[in-house]
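The values are calculated or read from the model by the stated rules, or taken from the named source; none is laboratory data. Only a predicted model underlies this, so the values are computations on that prediction, with no experimental measurement involved. Here the Cβ positions follow ideal geometry from the backbone for every residue, glycine too, while neighbour counts run over all protein chains shown. Note: accessible area is taken over every heavy atom of the protein model, side chains too, but ligands, DNA and RNA are not part of it. Shrake-Rupley method; radii C 1.70, N 1.55, O 1.52, S 1.80 Å.
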Amino acid sequence: MKLDVERIRIVEVGPRDGLQNEKATIALDTKVAFIEALADAGLTTIEAGAFVRPAWVPQMADSSEVYARITKRDGVDYPMLVPNEKGLDRAIECGVKSIAIFTAASESFNKHNINMSIDESFEEFAPVAARARSEGIRIRGYVSCACGCPYEGAVEPEKVLEVTARLMDLGCYEVSIGDTIGVGTPMQVQGLLYLLTQVIPRNCLAMHFHDTRGMAVANALAALELGITTFDASAGGLGGCPYAPGASGNVATEDLVFLFDGLGIDHGVSLDKLVAAARVISPWLDHPLPGKVVQACTKGTLPWGAKTTAQ
Ligand code: HMG
Ligand code: MG
């Protein structure tokens with residue numbers, strides 16, 4: 001296999017996407033310790049929480065406190081999810097430097113997730129983006145249901161392109177293409193990317209795979225083959241969207257790191273410290289972590305049996 005890629009950027013979404021669907025209430029201290037451990041592992045983009053309506057996603061209700069408590073390390077970006085003007089007010093109040101806005105390529109999903117049609121979401125996000133830009137806040141975008149929708153089934157790639165282009169027009173530096181319910185397969189992902197990259201520069205695209213059907217690592221490899229170098233992932237494979245029935249976790253960050261290590265591609269993340277970060281959160285969950293690599297590690301070892309250096 002020949003890949004013309006020098007470096008991968010991993011966007012860690014565990015503290016937001018990973019935790020938002022968890023039933024057990026995770027303590028503020030644990031969330032903060034989790035984020036610090038992820039930064040210790042070398043991750044340079046860590047989505048730290050969401051300023052969404054707490055009644056919709058109770059686990060994210062303490063995001064302001066989480067953001068206030070974490071050490072803002074040089075060279076590490078801590079984006080926060082923002083669904084509307086009210087969310088941006090909360091972000092600005094906290095001194096957030098970077099936000100993520102989110103919409104979908106499916107009308108029904110958007111209605112369930114943010115109570116807005118696609119057009120309404122752009123009406124909402126236009127002033128949010130303008131104000132964020134004027135405050136010097138960086139904006140990332142998400143397009144959900146890029147490979148399929150839990151309510152509508154198939155989603156047209158042309159719709160994904162249209163929504164992605166509209167997010168770029170709002171000033172997003174990057175748009176993350178979400179397979180929200182993990183239904184995509186490698187050829188489908190490549191087909192979608194052939195279309196997207198005719199219009200959107202590769203370095204403005206990230207892929208966000210949920211691993212519901214075990215396709216996420218294969219899909220990441222398919223995207224990498226087409227020159228995509230930014231991937232969202234969640235430590236331990238945590239995750240899921242409360243408004244996408246049946247959706248399970250994001251691809252596990254360790255599983256992607258294991259893949260990239262095997263391909264000899266630099267990513268700047270320590271696998272053993274990443275496993276240690278996943279172990280910060282796992283005792284507080286009411287289920288085992290789904291990630292494959294973390295399961296293959298017995299305490300104090302890496303999957304191939306070597307001792308870890310992480311505590
Ligand atoms: P709504 O109920 O339509 O809100 O929710 P509203 O505008 O009608 O306002 C109702 C009340 O909520 C008002 O308070 C507002 O002030 C308050 P009241 O006057 O009744 O006292 N409110 C807020 N409070 C705090 N923060 C806010 C906020 N906004 C309004 N930001 C809304 C609309 C968009 C807020 C809601 O639907 C929402 O929060 N949705 C977010 C759902 C969510 O977080 N989903 C998961 C994240 S997306 C995801 O996981 C996908 C992704 O990972 C990519 C992929 O996998 O595809 C990104
Ligand atoms: Mg997601």
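Side notes on the structure shown:
- The conditions of being closer than 25 Å to Lys111 by Cβ and either open to solvent by less than 30 Å² (accessible area, probe 1.4 Å) or within 15 Å of ligand 2 (Cβ to nearest atom) (or both) are not met by Leu224.
- Taken over the range 155-203, the criterion of being assigned to a loop (DSSP other than H, G, I, E, B), open to solvent by 40 Å² or more (accessible area, probe 1.4 Å) and more than 21 Å from Asp119 (Cβ to Cβ) is satisfied by Tyr173, Val183, Thr185, Gln198, Pro201.
- On inspection, Tyr151 passes the criterion of being surrounded by fewer than 22 Cβ atoms within 10 Å (Cβ to Cβ), in a loop (DSSP other than H, G, I, E, B) and among the aromatic types (Phe, Trp, Tyr).
- Taking the numbered list (1) within 16 Å of ligand 2 (Cβ to nearest atom); (2) open to solvent by 10 Å² or more (accessible area, probe 1.4 Å); (3) touching a Lys or Arg at 6+ places or on another chain (Cβ under 8 Å) in turn, Gln59 passes all entries but (3).
- When restricted to residues that are in contact with a Pro (Cβ under 9 Å, 6 or more places away or on another chain) and within 16 Å of ligand 1 (Cβ to nearest atom), the range 14-30 contains 3.
- Within the range 227-247, the residues that satisfy the criterion of being away from ligand 1 (no atom under 11 Å from the Cβ) and either of a type outside the set (Phe, Trp, Tyr) or open to solvent by 40 Å² or more (accessible area, probe 1.4 Å) (or both) are Gly227, Ile228, Thr229, Thr230, Ala233, Ala235, Gly236, Gly237, Leu238, Pro245, Gly246.
- Matching residues, the range 248-268, being crowded, with 21+ Cβ neighbours inside 10 Å and among the small types (Gly, Ala, Ser): Gly249, Ala252
One line per residue, one yes/no per condition, for (1) modelled with pLDDT under 95; (2) under 16 Å from the mean Cα position of the chain (by Cα); (3) closer than 23 Å to Gly268 by Cα; (4) of a type in the set (A, V, I, L, M):
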position	(1), (2), (3), (4)
Leu43	no, yes, yes, yes
Ala55	no, no, no, yes
Val76	no, yes, yes, yes
Glu107	no, no, no, no
Met116	no, no, no, yes
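- Which listed residue, of Asp17, Asp4, is surrounded by fewer than 18 Cβ atoms within 10 Å (Cβ to Cβ) and out of contact with any helix residue (DSSP H, G or I) (no Cβ under 9 Å at 6 or more places or on another chain): Asp4
- In the range 269-311, residue surrounded by the most Cβ atoms within 10 Å (Cβ to Cβ) [restricted to those that are of a type in the set (Val, Ile, Thr) and in contact (Cβ under 8 Å) with a residue 24 or more places away in the chain]: Val275
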